Amino acid sequence: MANLVAIQMTSGPDVGANLAYVEQQLRSLPPERPCLVVLPECFACFGASDTHIYDLAERKNAGPIQAKLAQLAKQFEVWLVAGSFPLLCSTPEKYTASCLIFDDHGRLVDEYQKIHLFDAQVADSTGSYRESDRTQKGQRLVVVDSPFGTLGVAICYDIRFAGMFAAMSEIAPLSVLAIPAAFTLATGKAHWYPLLTARAIENQCFLVAANQTGTHANQRQTFGHSCIISPWGETLAELPHHTGSIVAHLEPDDLHDIRTKMPIRQHNQFRSYLG
C-alpha cells in the first residue's frame, strides 16, 4: 500500500522558514513506504516582490533550494513533487515556474514548467494577476513512471484546461495526478472542487492537490482545502483552512476495478490530442 500526501502551507518570503516547515511536516509522516508528497505552488517563497523572486531563481541542478529538496526526499525516503519555484531560463529577466520531481533517493526524475500562466482579473484584494510578466511558460507535458504508477504533474491554473490532461493520458493512462496550487480565495470558492473532481473522474486516476492557504505577506488570500480525490471522484482526505498535511492510501485495485467496469479510454471517440 502506498501513501499519498499533500502539504498545505501559508508560505511567506522567508525561504528558510518555508523549507523548515516542509521538513517538519515530513517528520510527522506515517512510516509506510512508498510515499508521494506534493508541495503547494510557490512553497519556497510567496508574497514577495517579483524582483525578490527573480533574485532567488536558481539554475537547474544547482542552488541551495534544490539541494535541500533532494536531501529531504532522500532523508525521508519519499517521492517529492516540489510545488513550484523559479528556475532561470534563456529569456532575460524571466524565470520558469518549475515543479521538480525527486525520487526517494533524492534523484531528480523530471521537471515540469507551468504551461498555462495566470493572467486574469479576479474580484479580490489583488485584482489583476499577470504571471506572464516575469514567468516563461513551459512547452512540455510531464508524465513519469513511479512506484505509484504513472504520475502526471500540472500546476494550479493548468487544472482549467481539460485537453491538457487528455493529452497526458494519451502518453500513458494516469494513475496519479499531482496538482501544486496557490488558488485564490475567490476562484477557489467558485471552482476548486468541481475542477479537481472532474479531472480525477475523467482520467480515472487519484488526484493529490496541495494548495496555499490564508493571507500572505502581500495580502494575497489563498483558498486552502488541499485534498486527495479517488478515481471515482470521492474526497479521501481534505484540509480546510489551517496548515498541515493530509494522507490517503492508494489502492491499485481501485484503479483496475473502475477502469474495467467503465472503460472510458477504450470508449473515447476523440483521441487525437497528440496529433
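Show the residue pairs meeting these rules: Cβ distance below 6 Å; 6+ apart or different chains; first residue within the stretch 124-135 and under 19 Å from GLY188 (Cβ atoms) and at pLDDT below 95; second residue among the hydroxyl-bearing types (Ser, Thr, Tyr) and in a strand (DSSP E or B).
What qualifies is ASP124/THR184.
Filter the stretch 231-269 for residues that are among the aliphatic types (A, V, I, L, M) and touching a strand residue (DSSP E or B) at 6+ places or on another chain (Cβ under 6 Å) and give the result.
Once the filter is applied, which keeps residues that are among the aliphatic types (A, V, I, L, M) and touching a strand residue (DSSP E or B) at 6+ places or on another chain (Cβ under 6 Å), the stretch 231-269 yields LEU236, ALA237, LEU239, ILE246, VAL247, ALA248, LEU250.
Search the stretch 190-221 for residues being in contact (Cβ under 8 Å) with a residue 60 or more places away in the chain and within 16 Å of the chain's Cα centre (by Cα), and hand back the single one that is farthest from ASP50 (Cα to Cα).
PHE206
Would you pick out the residues in the stretch 64-94 that are among the hydroxyl-bearing types (Ser, Thr, Tyr) and either farther than 19 Å from HIS52 by Cβ or open to solvent by 20 Å² or more (accessible area, probe 1.4 Å) (or both)?
SER90, THR91
Criterion first (more than 23 Å from LEU207 (Cα to Cα) and either open to solvent by less than 20 Å² (accessible area, probe 1.4 Å) or in contact with a Phe, Trp or Tyr (Cβ under 9 Å, 6 or more places away or on another chain) (or both)) does PRO13 satisfy it?
yes
Exactly one of (1) over 24 Å from LEU26 (Cα atoms); (2) open to solvent by 10 Å² or more (accessible area, probe 1.4 Å) is unmet by LEU239. Its number?
(1)
LEU196 passes all but one of (1) open to solvent by less than 40 Å² (accessible area, probe 1.4 Å); (2) within 21 Å of GLN24 (Cα to Cα); which number fails?
The one condition LEU196 does not meet is (2).
Do any residues in the stretch 228-257 that are of a type in the set (Asp, Glu) have Cβ atoms under 6 Å from those of residues that are at pLDDT 95 or above, where the two are at least six apart or on different chains, and which pairs are they?
Going by the 6 Å Cβ cut-off, the qualifying pairs are GLU238/CYS227.
The values are calculated or read from the model by the stated rules, or taken from the named source; none is laboratory data. Every value quoted in this text rests on a predicted model; they were computed, and no experiment measured them. Counting neighbours? That spans all protein chains shown, and the Cβs are built from the backbone with ideal geometry, glycine included. Ligands, DNA and RNA are excluded from the accessible area calculation, which covers all protein heavy atoms including side chains. Shrake-Rupley method; radii C 1.70, N 1.55, O 1.52, S 1.80 Å.
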